[in-house]
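Down below is the structure, laid out as structure tokens.
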Amino acid sequence: MALRWRTSPTTPTPLGAIISYLILGFWTFVVLFPLYWLVITAFKLPVHVNEGPTYIPFADFQPSLHAWRYILVDLGNDTLRPYLNTVVVGVTSSILTLMFGAAATYGLSRFTYRVRLATALLFLGFAVLAAVGIQLGLPWQLAVAGGLGAFALARAGALRRVGGPRLGNADIAFWMISQRMLPPVAIVIPIYILFQRLGMLDTRPALVVAYVAANLPIAVWLLRDYFRTIPLELEESAAIDGANRYQILWRIVLPLSLPGLVATFLFIFVLAWNEYLLALFLSSAKAQTMPLLVAAQNATRGPQWWYMSVLILLMIGPVIALAIVLERYIARGLLLGAVRG
Amino acid sequence: MERSIDVVERERMAKMATPTTSNALLLHLRRRLGDWPLFVLLVAPNLLLLAVFTYWPLVYNAYLSLMQWDLISPSKLFVGLENYRFLLEDSEFREVSRNTVVFTVGTVGGTVVLGLLFALLLDQPLRGIALARGVVFAPYVLSGAAVAVFWVNMLNPRFGVVAEVASWLGTVSPDWLNHPRLAMVAVILVYIWKNVGFTTIVYLAGLQRIPKELYEAATVDGAGMLERFRFVTMPQLGPITLFLVVVSTISSFQAFDLIKVLTDGGPVNATTTLLFYIWEQGFVAFNAGRAAAAAVVLFALLAVISLLQVRIGERRVSYD
């Protein structure tokens, strides 16, 4: 995908240019001032905050590192543990999401298998039966094995010659992507109960699994459009040269789709880094992440802006750097899969 | 739609199929099964994750909505549609619904309209425009919790910057976040501040895709700037606008961290949206059943919106 930036063909009149600069300049100020404020507040002493706003370091007030020392040294592990949690959970879940998402997207965009609707419904029926069985106290191993066995028997026997409408790949893809509309809060109570039963509450793995599940539809949505742009001819000639499916995937498709994979990774990473709701339910002390720490500290240290500013800067620093890269990708239409859908 | 490479693959395997080697059985198996194992390997983990973390929770949530349960006690009490009846009659729920509508209309309208304006401005060949693009987008990647915290600081009536600016202008800044009406306005404005970067950048990408020839043809036909916008830009951006309205609606329904930190749903219930109500019912009041019922309502609403998108989208002409 050639990513040459193009501006609109019409050059603005001088008046138009001035108005444009005024509006954009105003918004730039509105965006940057709070960030500037955040940075200088992190170096202020309490007295410089409580006696009304002070604006310029060295002129208005003498910068101090006291808040940084307190947050990083005095609080030490209380800050570093959530930070490490956020990094580990963010990176791990994003890598896993990308792997699963790329696999599914590739499978759905290159293989043309179709499943009979009747078969899918049959499978669903046995899955529900198995779930009901588990609810009624059946051991889950037995329920799953029984359900699968019954499904295989029914599939091999009665349904072998049954016709009816088929489900295509487009249906599966649409079905996966449609999950993106589901707000986590609508399903968070069952997920909480699930992890509670598994004894995984307040652990990093629980957060990782939950984030992978939550972000997977987004990954599929973003990658689907990208895989379409890879010319099929390349894969065909590799197949003729004797490469098998796995080699084609590893040697040709993945390297070619690297920009799309990077952009998707960054997007998902930002989502995982900032995620609040699921973390609020699934973690408390051990697995606490930065968004939770910031919100919790705001409740207890509300007016101690100097401490809060340091915490927030630590948290948003890494993603601001990512924003610059991401903006290029999105603006050039790399992440626009569903728009044309 | 796309040519499959299965054909090529199968021809290749047919050539190799002469069973001279010891792995004839394996080859035979591969030919019978084709690429099924790989396909299943690629797609199945995703379907499994979705089943466990989306479908089972949805079903279980619907089941919970028929129960009375405090999340702790071992037994749940079946109450039928009682939770839904409660929602219908609850005056708080009505207020919450109204808040949700106000919040959604305000944030979606604000981000889409402002986003279009910014995109049009940023699409011009002006100096320094790349920097401005980055600045407009930046807040979108920031954590909602963090954004909320520093806006609480900025809006503080005693030592916030907004109060200071108001005093320069000769007025007094109200206590935004504790004012029964202005609290909602403040939450919407902060939400727009954070999210307008996304709509802007998507609109910009849309503008990039409009063929230049359309503008040239319109200019030849004597169309001025406004006419070009009305008859070329707007229709070409139609599908993107629809996409943005739906996506923004869905994400505004999911705004939680911002509201939690800015106002905690208050003062009283002035900024409690449906999503926040679910949280309060479930994990503050420990009414899992009512929370689940409200979640079912929210889900139904989103499903209707998404279906509408698909329906309207089908009728639109794609500009590909």
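What to note about this one:
- The condition of being in the same structural domain as residue B:252 (by TED's automatic domain parsing), part of a helix (DSSP H, G or I) and among the hydroxyl-bearing types (Ser, Thr, Tyr) holds for residue B:200.
- Odd one out for residue B:164, checked against (1) within 12 Å of chain A (Cβ to nearest Cβ); (2) crowded, with 21+ Cβ neighbours inside 10 Å; (3) over 23 Å from residue A:21 (Cβ atoms): (2)
- For beta carbons closer than 6 Å, sequence separation of 6+ or different chains, a first residue in region A:14-32 that is more than 7 Å from chain B (Cβ to nearest Cβ) and a second that is charged (D, E, K, R), there are no qualifying pairs.
- The residue list B:255, B:285, B:303 contains one member that is surrounded by fewer than 16 Cβ atoms within 10 Å (Cβ to Cβ), assigned by TED's automatic domain parsing to the domain that holds residue B:150 and not in a helix (DSSP H, G or I), which is B:285.
- When region B:61-102 is filtered for residues that are touching a residue at least 60 places away in the same chain (Cβ under 8 Å), within 14 Å of chain A (Cβ to nearest Cβ) and of a type in the set (A, V, I, L, M, F, W, C), the ones remaining, listed by number, are B:62, B:64, B:66, B:67, B:69, B:71, B:72, B:96.
- Of all residues in region A:213-270, those satisfying the criterion of being aliphatic (A, V, I, L, M), over 29 Å from residue B:140 (Cα atoms) and part of a helix (DSSP H, G or I) are A:232, A:234, A:238, A:239, A:240, A:248, A:249, A:252, A:253.
- All of (1) outside the structural domain of residue B:187 (by TED's automatic domain parsing); (2) under 28 Å from the mean Cα position of the chain (by Cα) hold for residue B:98 with one exception: (1).
- Among the residues making up region B:124-149, those that are within 18 Å of the chain's Cα centre (by Cα) and facing chain A (nearest Cβ under 7 Å) are B:137, B:138, B:139, B:141, B:142, B:143, B:144, B:145.
- Test: residue A:56 is more than 10 Å from chain B (Cβ to nearest Cβ), closer than 18 Å to residue A:303 by Cα and of a type outside the set (Ser, Thr, Tyr): no
- Checking A:47, A:91, A:115, A:128 one by one, the residue that is at pLDDT 85 or above and either touching a strand residue (DSSP E or B) at 6+ places or on another chain (Cβ under 7 Å) or not polar (S, T, N, Q) (or both) is A:91 and no other.
- Subset tally (residues that are at the interface with chain B (Cβ under 7 Å from one of its Cβ atoms), closer than 26 Å to residue B:297 by Cα and free of Cβ contacts under 8 Å to residues at least 60 places away in the same chain) for region A:190-236: 2
- The residues on offer are A:225, A:171, and the sole one that is surrounded by 14 or more Cβ atoms within 10 Å (Cβ to Cβ), at pLDDT below 80 and out of contact with any helix residue (DSSP H, G or I) (no Cβ under 8 Å at 6 or more places or on another chain) is A:171.
- Of A:152, A:214, A:210, all but one fail to be small (Gly, Ala, Ser) and modelled with pLDDT under 85; the exception is A:152.
- Residue B:119 vs. criteria part of a helix (DSSP H, G or I), touching a Pro at 6+ places or on another chain (Cβ under 9 Å) and crowded, with 20+ Cβ neighbours inside 10 Å: no
- Residue that is modelled with the lowest pLDDT [pool: residues in region A:302-312 that are facing chain B (nearest Cβ under 9 Å) and assigned to a helix (DSSP H, G or I)]: A:305
- Among the residues listed as B:159, B:103, the single one being outside any helix (DSSP H, G or I), in contact with a helix residue (DSSP H, G or I) (Cβ under 7 Å, 6 or more places away or on another chain) and within 30 Å of residue A:29 (Cα to Cα): B:159
- If you go through region A:33-67 and pick out every residue that is touching a residue at least 24 places away in the same chain (Cβ under 8 Å) and either in a loop (DSSP other than H, G, I, E, B) or of a type in the set (Phe, Trp, Tyr) (or both), you end up with 4.
- Residue match in region B:163-183 (condition: in contact with a helix residue (DSSP H, G or I) (Cβ under 6 Å, 6 or more places away or on another chain) and in contact (Cβ under 8 Å) with a residue 24 or more places away in the chain): yes
The values are calculated or read from the model by the stated rules, or taken from the named source; none is laboratory data. All values derive from a computational prediction rather than experimental measurement. Because the Cβ atoms are built from the backbone with ideal geometry, glycine has one as well, and the counts that use them run over all protein chains shown.
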